[in-house]
1. Provide the packing ranking of 183-190, 122-129, i.e. peptides ordered by the mean count of other C-beta atoms within 10 Å per residue, highest first.
2. Between Q122 and A3, 0.36 nm times their residue separation minus their Cα-Cα distance comes to what?
3. Calculate how steeply helix 40-53 sits against the longest principal axis of the alpha-carbon atoms of the chain, using the helix alpha-carbon long axis, and give the answer as 0 to 90 degrees to the nearest 10.
4. Suppose every Lys and Arg Cβ carries +1 and every Asp and Glu Cβ carries -1, with no other charges. What dipole size does the chain come out with about its Cα centre, to the nearest 20 debye?
5. How many lysine pairs does segment 1-129 hold where the Cα atoms are under 21 Å apart and the two sit 8 or more places apart or on different chains?
6. Tell me, what are the semi-axes, in whole angstrom and largest first, of the equivalent ellipsoid of segment 7-209 as set by the roots of 5 times the Cα gyration tensor eigenvalues?
7. Of the peptides 110-116, 40-46, 23-29, how do they stack up when ordered by the mean number of other Cβ atoms within 10 Å, highest first?
8. With Cβ to Cβ distances under 14 Å as the rule, what net charge do the other residues near A123 carry (K, R +1; D, E -1)?
Amino acid sequence: MSATMDTALTAAWIRRAAEWVAADAARLTRLDAAIGDGDHGHNLTRGLAAAVDGLQEDVPPGKVLIAAGRAIVSKTGGASGPLYGTALRRAGKSFGDAEEIDAATLGTALKAALDGIVELGQAAEGDKTMVDALAPAVAAYQATLADGGDLAACARAAADAAEQGADATVPMQARKGRASYLGARSAGHLDPGAASTALIMRALADTVTGTLPGAETAIEG
Ligand code: ADP
Ligand code: MG
């Protein structure tokens, strides 16, 4: 049973996130069309495709994330590019030169990613942004870690919380980003960035869970 995430798994996460976002790009773009400018799915698909193109597997996991973050900043248009790019670069930096990332190290990196997004975008929970998915994900990850959960359990708790956090953006009124221009009319729609964050967190959970024997039963049961 793998208690850590190495370079291959880190790269596998980025690949899976890219695949899932590409597969769901039309939905993400539709969500963004309702309260923004209708580019989120395509923006992020392009950025993640560039990250996949630049993947190197002869460097430590931190370097994988830093390179992916740079690719995303340069190729993803819109507000979400710099936000996701910063998140991945901060997470990668927080890994340092470690070759094997354990549950505590990944938890610290996810918190660093959240802090990077909040520093850059100045959004608080409740503003109807990706922060409404990532902040509860980080909290759930830390709570599971404190209860003695392993890497996969922590990542699954984070993904569950991200999905719930994204769903909870529906009734919110946007206070940051393009959707905030709509004022009260932004309520009643799922935030596209929160939706993509939930996908990326589920991709992480499935990537680290996939290495564990009996993982399928754990997910279904
Ligand atoms: P743009 O709004 O520039 O077209 P995207 O459509 O790619 O960019 O991304 C929109 C998403 O970015 C929103 O749904 C929201 O989750 C996120 N977002 C926008 N502004 C902020 C911010 N200041 N802080 C955090 N997230 C933000
Ligand atoms: Mg947009």
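Only the coordinates and a few stated rules stand behind these numbers; no lab work does. Quantities reported herein were computed from a predicted structural model and do not represent experimental measurements. Here the Cβ positions follow ideal geometry from the backbone for every residue, glycine too, while neighbour counts run over all protein chains shown.
1. 122-129, 183-190
2. 39.4 nm
3. With both axes taken from Cα atoms, the answer is about 30 degrees.
4. 880 debye
5. Numbers: K63/K75; K63/K93; K63/K111; K75/K93; K93/K111; K111/K128.
Lysine pairs satisfying the spacing and distance rule in segment 1-129 number 6.
6. The answer is 26, 19, 14 Å, longest axis first.
7. Per-residue mean Cβ counts within 10 Å order the peptides as 40-46, 110-116, 23-29.
8. Computed value for this residue: -2.
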